[in-house]
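Only one structure is covered here, and it is reproduced in the block below.
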Amino acid sequence: LFSGPRGTGKTTAAKILAKALNCTNRNGAEPCNQCTSCQEIDQGLALDVLEIDAASNRGIDEIRDLREKVKLASSGGKYKVYIIDEVHMLTTEAFNALLKTLEEPPDSVIFILATTEANRVPATVLSRCQRYAFTRLSITEVIDRLREVAGEMQIKVSDHAFEVMARRSNGSLRDALSIMEQCIAFRDHGIDESQVMDVLGLVNNEVLSAIYKGMLEQKVEEVLSHLNSLIKQGKEPVQIARDAALCARDIMQYKLLDKEADLLVMPVADLE
């Protein structure tokens, strides 16, 4: 069972494990990425590696069908690997049907269950799994990977833009890459902080600071003026409220923890 927040590499790790299990030229634990088996898995053509989305295949009939196919021998690889994504979405009946197969799987079959909500997986299933918890990536790790991708694509991105993307991804590398992809589609070179803000519909940090300053000084007209201006710019009121709440959270964290604060949206310079 691979569990953890979305976008932290659970399904990717499952595919890498499937490659390692079936690789014909494996070097220690690492797949070679060159053999036919590795390349077929990379291209999604491997008959022995089946990825199932439990969110859209959550009923007992689908699991019964899976149980029948499990009995068949692998077509060429050493192992048949079933990757069941968002496994917590299965119905109770489907889990019960799967349980028997999990108790006594054929030697050549491996199940990799992935979920963002391990607490919703029945205890009877959990007790039959090796569990691996995936954690959110740090902002530094996300920025390093974004830099690497931008370098490969020869796209100039400012340091502040990288930081905004990383903070707004909330530790999800997939979300961070998706944000960068949107920014590239919006402007394929010279991406800066303001463009990332525009693409995501985010509220500028300076405006957030001005709103809080107005609130603390009880200047209601000033606060309303800033809010009206943001709404006229096309910012969603819900997004404004969300950004304001995250800003308040960062202010509290920074005030109480100083350099140890885990900041989500506001850089230290603005908080100062």
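The values are calculated or read from the model by the stated rules, or taken from the named source; none is laboratory data. Because the structure is a prediction, the values reported are computed rather than measured. When we count neighbours, we look across all protein chains shown, and the Cβ atoms used for this are built from the backbone with ideal geometry, even at glycine. Each accessible area value is taken on the protein alone, full model and side chains, heavy atoms only, with ligands, DNA and RNA left out. Shrake-Rupley method; radii C 1.70, N 1.55, O 1.52, S 1.80 Å.
Would you check if Ser229 is at negative phi, at pLDDT 90 or above, open to solvent by 40 Å² or more (accessible area, probe 1.4 Å) and of a type in the set (S, T, N, Q)? It is true that Ser229 is at negative phi, at pLDDT 90 or above, open to solvent by 40 Å² or more (accessible area, probe 1.4 Å) and of a type in the set (S, T, N, Q).
For the range 61-86, the set of residues classified as in contact with a Leu (Cβ under 9 Å, 6 or more places away or on another chain), of a type in the set (A, V, I, L, M) and farther than 21 Å from Ala20 by Cβ consists of Ile63, Leu66, listed by residue number. Pairs linking a residue in the range 82-94 that is touching a residue at least 12 places away in the same chain (Cβ under 8 Å) and acidic (Asp, Glu) to a residue that is assigned to a strand (DSSP E or B) and open to solvent by less than 10 Å² (accessible area, probe 1.4 Å), with Cβ atoms under 6 Å and 6 or more positions apart or on different chains, are Asp85/Ala114.
Within the range 225-251, can you find the residues that are part of a loop (DSSP other than H, G, I, E, B) and basic (Lys, Arg)?
The first filter runs over the range 225-251 and keeps only residues part of a loop (DSSP other than H, G, I, E, B), leaving 233-236.
Once the filter is applied, which keeps residues that are part of a loop (DSSP other than H, G, I, E, B) and basic (Lys, Arg), the range 225-251 yields only Lys235.
The set of residues from the range 252-272 being open to solvent by 50 Å² or more (accessible area, probe 1.4 Å) and either on the phi > 0 side of the Ramachandran plot or under 26 Å from the mean Cα position of the chain (by Cα) (or both) comprises Asp258, Glu260, Asp262, Val268.
Out of the helices (runs of 4 or more DSSP H) lying entirely within the range 7-85, which hold 2 or more residues that are over 28 Å from the mean Cα position of the chain (by Cα) and either among the basic types (Lys, Arg) or surrounded by fewer than 17 Cβ atoms within 10 Å (Cβ to Cβ) (or both)?
Values: elements: 10-22, 36-42, 60-70.
The qualifying helices (runs of 4 or more DSSP H) are 60-70.
Listed by first and then second residue, the pairs linking a residue in the range 1-21 that is touching a residue at least 24 places away in the same chain (Cβ under 8 Å) and more than 21 Å from Lys78 (Cβ to Cβ) to a residue that is of a type in the set (A, V, I, L, M) and surrounded by fewer than 17 Cβ atoms within 10 Å (Cβ to Cβ), with Cβ atoms under 6 Å apart and 6 or more places separating them unless they lie on different chains, are Ser3/Ala133; Gly4/Ala133. Criterion applied to Glu103, Glu117 was being among the acidic types (Asp, Glu), within 16 Å of the chain's Cα centre (by Cα) and surrounded by fewer than 17 Cβ atoms within 10 Å (Cβ to Cβ), and the one residue passing it is Glu117.
I'd like to verify a number: residues in the range 245-271 that are hydrophobic (A, V, I, L, M, F, W, C) and over 21 Å from Leu137 (Cβ atoms), how many? Full working, then the answer.
Taking the range 245-271 as the starting set, the residues that turn out to be hydrophobic (A, V, I, L, M, F, W, C) are 245-248, 251-252, 256-257, 261, 263-266, 268-269, 271.
So of that shortlist, the ones also over 21 Å from Leu137 (Cβ atoms) come out as 245, 247-248, 251-252, 256, 269, 271.
Here the count works out to 8.
Of the helices (runs of 4 or more DSSP H) lying entirely inside the range 147-207, those carrying at least 3 residues that are modelled with pLDDT of 90 or more, open to solvent by less than 40 Å² (accessible area, probe 1.4 Å) and in contact with a helix residue (DSSP H, G or I) (Cβ under 8 Å, 6 or more places away or on another chain) are 159-169, 173-186. Would you confirm whether or not the range 105-116 contains a residue that is of a type in the set (Phe, Trp, Tyr) and modelled with pLDDT under 95? Checked the range 105-116: at least one residue is of a type in the set (Phe, Trp, Tyr) and modelled with pLDDT under 95.
Residue pairs whose Cβ atoms lie under 8 Å apart, separated by 6 or more positions or on different chains, with the first residue in the range 97-123 and under 18 Å from Arg64 (Cβ atoms) and the second at pLDDT 95 or above, are Leu113/Leu1; Leu113/Phe2.
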